[in-house]
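Beneath this line is the structure, given in structure tokens, with notes to follow.
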Amino acid sequence: MVWEPVLPTDFVAPSTAALAPIPDSRAAQFWDKTRALSHLLGEHNRSTVVWDYIAVYASGTLWQDAPPKPIYSANPVRDAINGARDAVQRLLVNGTKPVEGEN
């Protein structure tokens, strides 16, 4: 998970309490003060900030010059979580290869 400053209250990295809802030790959380990831995903100005967004990639997917195409992506996260869960489940069943036609 990547946290970034978007709202006026986002002037510092998230607190321990904010990070707590994701207790899985396999999850990594990062503070992206300059919104570098948002810029890589298409931010050009304030109205195109990429946030509240979820993307699922197959294990071993490499990011090189540009972000790779995810097998699933959507936003806002609260509406997209079931689709992300389904995409992860399909990856677990099918191995690390994305399912044909998935996005």
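Descriptive notes on the structure:
- Taking the criterion of being of a type in the set (Ser, Thr, Tyr), surrounded by 13 or more Cβ atoms within 10 Å (Cβ to Cβ) and within 12 Å of PRO5 (Cα to Cα), the only residue of the range 22-58 that qualifies is SER38.
- Among the residues of the range 42-57, those identified as touching a residue at least 12 places away in the same chain (Cβ under 8 Å) and either farther than 22 Å from ILE71 by Cβ or not in a loop (DSSP other than H, G, I, E, B) (or both) are VAL49, ILE54, ALA55, VAL56.
- Members of the range 65-89 that are part of a loop (DSSP other than H, G, I, E, B), farther than 18 Å from VAL2 by Cα and either open to solvent by 30 Å² or more (accessible area, probe 1.4 Å) or at pLDDT 95 or above (or both): ASP65
- Within the range 7-41, considering residues that are part of a loop (DSSP other than H, G, I, E, B) and within 15 Å of the chain's Cα centre (by Cα), the one nearest to ALA66 (Cα to Cα): LEU41
- Of all residue pairs spaced 6 or more apart or on separate chains, those with beta-carbon atoms under 6 Å, a first member in the range 1-14 that is at pLDDT below 90 and a second member that is open to solvent by less than 60 Å² (accessible area, probe 1.4 Å) are MET1/GLN29.
- Screening the candidates ALA74, ALA36 for the property of being without any contact (Cβ under 8 Å) to a residue 24 or more places away in the chain, aliphatic (A, V, I, L, M) and closer than 23 Å to PRO8 by Cβ yields one hit, ALA36.
The values are calculated or read from the model by the stated rules, or taken from the named source; none is laboratory data. Keep in mind the model is a prediction, meaning the values are calculated, not measured. Backbone-built Cβ (ideal geometry, glycine too); neighbour counts: all protein chains shown. For the accessible areas, the whole protein counts, side chains as well, though only heavy atoms, and no ligand, DNA or RNA atoms are used. Shrake-Rupley method; radii C 1.70, N 1.55, O 1.52, S 1.80 Å.
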